[in-house]
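Worksheet for the structure shown next.
Read-outs throughout are calculated quantities, based only on the coordinates presented, and are distinct from any laboratory measurement. All of these numbers come straight from a predicted model, not from anything done at the bench. Counting neighbours? That spans all protein chains shown, and the Cβs are built from the backbone with ideal geometry, glycine included.
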Amino acid sequence: MYSIIVEESFDSAHFLSGYNGKCSHIHGHRWRLLVEVQTKELQDEGQCKGMVVDFTQLKKDLKKLAEDFDHCLIIEKETMREQTLNCLVEDGFRIVSIPFRPTAEKFAEFFFHSIEKKGYQVKRVSVYETPNNCAVYEG
Ligand SMILES: Nc1nc2c(c(=O)[nH]1)N=C([C@H](O)[C@H](O)COP(=O)(O)OP(=O)(O)OP(=O)(O)O)CN2
Ligand SMILES: [Zn+2]
């Protein structure tokens, strides 16, 4: 089995609703994503001969997904009052609402399935929320 790993990152703010501690407050991270894709055999012809997949293509695909979360406030749906949300939007802040709690684990799962949907055989996605904290999702 062969695998390759690419890395991408995005900067955004979030908070953990219902969390008893400092992470219940809006705060920011540079989220670091490591995506590992695998194949049993390397490609045997063409531009990608000798490769699992082209790093360049995989990085492009991952970057597109990560960009959706860059420089915004990530909010788990229904964890902020409608009125507050509307004010933030009216004042021009970029809000991204997601249907899951914005933890490193859930982001790892989200990016795993998002990359998989693009046709890659994903082995593992690791998400660093801080330089020292990492969550891993494997299919
Ligand atoms: N298993 C998880 N635990 C926590 C998550 C998570 O995604 N998965 N997330 C958080 C918070 O988002 C928090 O920002 C990170 O926690 P923490 O390590 O406390 O962050 P700091 O960088 O501020 O650490 P210090 O050592 O206190 O500076 C919490 N838990
Ligand atoms: Zn956090």
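Every listed requirement among (1) surrounded by 12 or more Cβ atoms within 10 Å (Cβ to Cβ); (2) farther than 19 Å from SER9 by Cα; (3) not hydrophobic (A, V, I, L, M, F, W, C) is met by GLY139 save one, (1).
Selection over region 71-91 of residues that are surrounded by fewer than 17 Cβ atoms within 10 Å (Cβ to Cβ), touching a residue at least 12 places away in the same chain (Cβ under 8 Å) and of a type in the set (D, E, K, R) gives a count of 1. Inspection of region 19-34 identifies at least one residue that is outside any strand (DSSP E or B), among the aliphatic types (A, V, I, L, M), more than 23 Å from TYR137 (Cβ to Cβ) and within 15 Å of ligand 1 (Cβ to nearest atom).
Restricting region 7-18 to residues that are surrounded by 12 or more Cβ atoms within 10 Å (Cβ to Cβ) and more than 9 Å from ligand 2 (Cβ to nearest atom) leaves a set whose member that is nearest to ILE75 (Cα to Cα) is SER17. Residues that are under 17 Å from LEU62 (Cβ atoms) and of a type in the set (Asp, Glu) were ranked within region 92-128; the one that is surrounded by the fewest Cβ atoms within 10 Å (Cβ to Cβ) is GLU116.
Here's the yes/no breakdown for (1) within 19 Å of GLN121 (Cα to Cα); (2) surrounded by fewer than 14 Cβ atoms within 10 Å (Cβ to Cβ); (3) in contact (Cβ under 8 Å) with a residue 24 or more places away in the chain:
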{"residue": "GLY21", "(1), (2), (3)": "no, yes, no"}
{"residue": "ARG30", "(1), (2), (3)": "no, yes, no"}
{"residue": "LEU34", "(1), (2), (3)": "yes, no, yes"}
{"residue": "THR39", "(1), (2), (3)": "yes, no, yes"}
{"residue": "GLN43", "(1), (2), (3)": "yes, no, no"}
{"residue": "ASP54", "(1), (2), (3)": "yes, yes, no"}
{"residue": "LYS59", "(1), (2), (3)": "yes, no, yes"}
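Looking across region 17-39, the residues that are more than 21 Å from HIS113 (Cβ to Cβ) and of a type in the set (D, E, K, R) come down to LYS22, ARG30.
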